[in-house]
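Beneath this line is the structure, given in structure tokens, with notes to follow.
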Amino acid sequence: MTKCLDDSPFHVILDLSKIDFIDSSGLGVLVQLAKKAQTAGGSFQIVSNPRVTQTVKLVRLESFLSLQPNVDTAIANVDK
């Protein structure tokens, strides 16, 4: 993902909708990627599911990480 952001940092959508579990290490990577995209002037959106969303909310990162319910919504938000 870092290479992807280095090459084309504008709009990245990461689909985690099939992920059953994410721990603090995974959340840390998501925060780093989101910061990298924002610093480069791009956007970083995460397609989530209820389990991932619950974990993100537990650590109060929902306002920082752009969680989307599906890929279509994430794509629609790229233009905003």
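Every read-out reported here was derived from the displayed coordinates using simple, explicitly stated rules and does not represent laboratory data. Quantities reported herein were computed from a predicted structural model and do not represent experimental measurements. A quick note on method: Cβ atoms are made from the backbone with ideal geometry, for glycine too, and the neighbour counts reach across all protein chains shown.
Points to keep in mind about this one:
- Hydrodynamic radius of the chain per Kirkwood, over alpha carbon pairs, in Å: 12.6
- The chain: calculated mean residue ellipticity at 222 nm from DSSP helix runs of at least 4, using -39500 (n - 2.57): -14000 deg cm²/dmol
- Karplus (6.51, -1.76, 1.60) ³J(HN,Hα), θ = phi - 60°, over the stretch 21-29, in Hz, Gly and Pro reported as x: 8, 9, 10, 5, 5, x, 5, x, 5
- q = 0.14 Å⁻¹: log10 I(q)/I(0) that the Debye formula gives for the stretch 1-41, counting C-alpha atoms only: -0.33
- In this rough spin-label picture, where each label sits 7 Å from Cα along the Cβ direction, the VAL29-PHE64 distance is 1.7 nm.
- Label-point gap, in nm, between THR39 and GLN54 - each point 7 angstrom along Cα→Cβ: 3.4
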